[in-house]
1. Could you check the spin-label model distance between B:Phe253 and B:Leu29? Points 7 Å from the Cα along Cα→Cβ, value in nm.
2. Multiplying the sequence separation of B:Lys320 and B:Arg118 by 0.36 nm and subtracting their Cα-Cα distance, what value in nm do you get?
3. Where a Cα-Cα gap under 30 Å defines reach, which lysines qualify for B:Lys320, not counting those fewer than 8 residues away within the same chain?
4. Take each of the peptides B:24-37, A:40-53, average the number of other beta-carbon atoms within 10 Å over its residues, and list them starting from the highest.
5. Taking just the alpha-carbon atoms of the stretch B:185-239, what radius of gyration and Dmax come out, in angstrom?
6. For B:Ser141 and A:Gln28, what does the FRET efficiency come to when R0 = 56 Å and r is the distance between their Cβ atoms, rounded to the nearest 0.05?
7. Once the Cα atoms of helix A:122-134 and of chain A are each reduced to a long axis, what angle between those two axes, in degrees from 0 to 90 to the nearest 10, is obtained?
8. By how many degrees, between 0 and 90 and to the nearest 10, does the Cα long axis of helix A:180-191 differ from the longest principal axis of chain A?
Amino acid sequence: MSAVLQTFDLYKSFGGITATDHVDFTLQRGACHALIGPNGAGKTTFVNQLTGVLRPTGGRIALMGEDITKLPRETRVRRGLARTFQINQLFATMTPLEMIALVTSERLGRGARPFHALDRDPELIAETAEILSRFRLDDIMDQRIATLPYGKQRQVEIAAAFAAKPSVLLLDEPAAGVPEAERRELMSTVAALPADVSVLLIEHDMDLVFRFATRITVLVNGRVLAEGTPDEVARNPAVREAYLGEAAHV
Amino acid sequence: MSAPAFETRVRQSLYAGRRWHPAEIAFWLLAGAACLLFPRQSLLLNEIAILALFALSLDLILGFAGIVSLGHAAFLGTGAYAAGLLAKHVTADPLAGLGVGMAAAGLLGLVTSPLVLRGTDLTRLMITLGVALILYELANSFGGLTGGADGLQGIMMGPVLGLFDFDIFGRTAYLYSLSVLFVLFLVARRVTNSPFGLSLRAIRDNPLRASASGVPNGKRLAAAYALAAAYAGAAGALLAQTTQFVSLDVLDFHRSADLTLVLIIGGAGYLYGGLIGAVAFKLLQDAIATFTPQYWMFWIGLFLVLFVLGGREIIHGAIKTVAGRFARLGKGAAR
């Protein structure tokens, strides 16, 4: 096992409020690592720093051993760090086909070519088709994304991140708002991702977390409270007290 | 479905955006035939073609990249003065003037793009407006070069391609402007259907997701802005060459404002909006000006208010129906 994504002493404050409190975090190659914690624990702030949406106040971030702390967002994507968003961020007027073709064309370095024809690019077509089939979007690939049901939009969101062929995929509450019946299907596509893609999963649904995660980090008030295998975390008294405790009382 | 079969479907679907619609072919045939159908209206047709090119330019940034502008006249004026000065002092060849006009405006677009591209829609409106105002005053102050309020006079144009002399009826002018419009339209059509064009739509739809998909938003927008500026410069060059005169009016605010109206009438984001809008706007202006020369602005204003309040859906619906009929006609013929 080797580390693909690491943070060293990562620190972020908004005015007087500390949102990320000196976090040392390691994502191992091939892991499905869940980041859990109560609302306001700083999970999304943490992910936003990893992907470059927010600049950390202090500390470093390394992807494959290289410092990416100050790189712009799109460069991190090109280096292999892709993400989904808690609230869908899609291209509303595009079709799933166009959106996946866009991500693929950027990954293949076609994006700056103004006279290139998409339909005369076998490599782009093959990869776009592969992603659409893998995420079961082939039947709806020509419909406008804005008109798709929410569960399908969520699927497009994950497919678009995966189309960047990342080595690290950050999934920010992928199942949020998805009806119970469709959650399993959604998460099984995530579980079926190739083993060389390391996944960092932020999720509230504990059932999904304990089913899919190989490792869990618990974040409370911006600080790492515990880390370990799902069994270890489930047995940890501090975690039960701070977080899972609520569920135990119900 | 097997993988190769599905790839074929993906290819066909990607091709659909580039395929020529029969209504498009009809549109261009009609535009070409217009100088035979309306031989006395060549001057008006020429104005329409130039306004259409200018509107196409705004559509490239507004409709495809989502950049709003109230100062697009800056590039029209730059192209007009560049082409006019070149014709007066260096060479009377129209195509050289066209190239210089496009290059000058494109360069100005590239240089001003860092100012325009930061910030929100509102700051963009203000900055584009500001840049156009600055250019207007510069052109006014440097009267020795530009002719100031008197305009740049004494432009004599050579024949197009060394073959076609400009005539007083405006026939060569129209065919020249229309040819330039058509060629630049073909380029725009190609560009908007390319990966580059797709990335512009991505930025317009959702800049956050665009950058999370690996798109360098700033660079792409700057490139699109410079391209659109060059298009506006071409419109300006055509204006200078076919009227053989450049006045400060080419940099005036009303040019930019009219252009917005043209795109509102025609609709943005599908390339033909500026063209259709230009035809409608100029014909309307011409018709109203004929029966009430002094108060035509009043009627244009009234029309626009009614149009935006509800007429737009009706007219755009009618255009879609007509286009749909043409599509069926084309398919029928193909069988």
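1. 4.5
2. Between B:Lys320 and B:Arg118, full extension yields an extra 69.1 nm.
3. Reachable lysines: A:Lys152, B:Lys282, B:Lys331.
4. Highest mean packing first, the order is A:40-53, B:24-37.
5. 12.7, 42
6. 0.25
7. Tilt relative to chain A: about 50 degrees.
8. 80
Any read-out appearing in this document is the output of simple, stated calculations on the displayed coordinates, not a laboratory observation. Values in this document were obtained by computation on a predicted structure and should not be read as measured data. Positions of Cβ are backbone-derived with ideal geometry, glycine not excepted, and every protein chain shown enters the neighbour counts.
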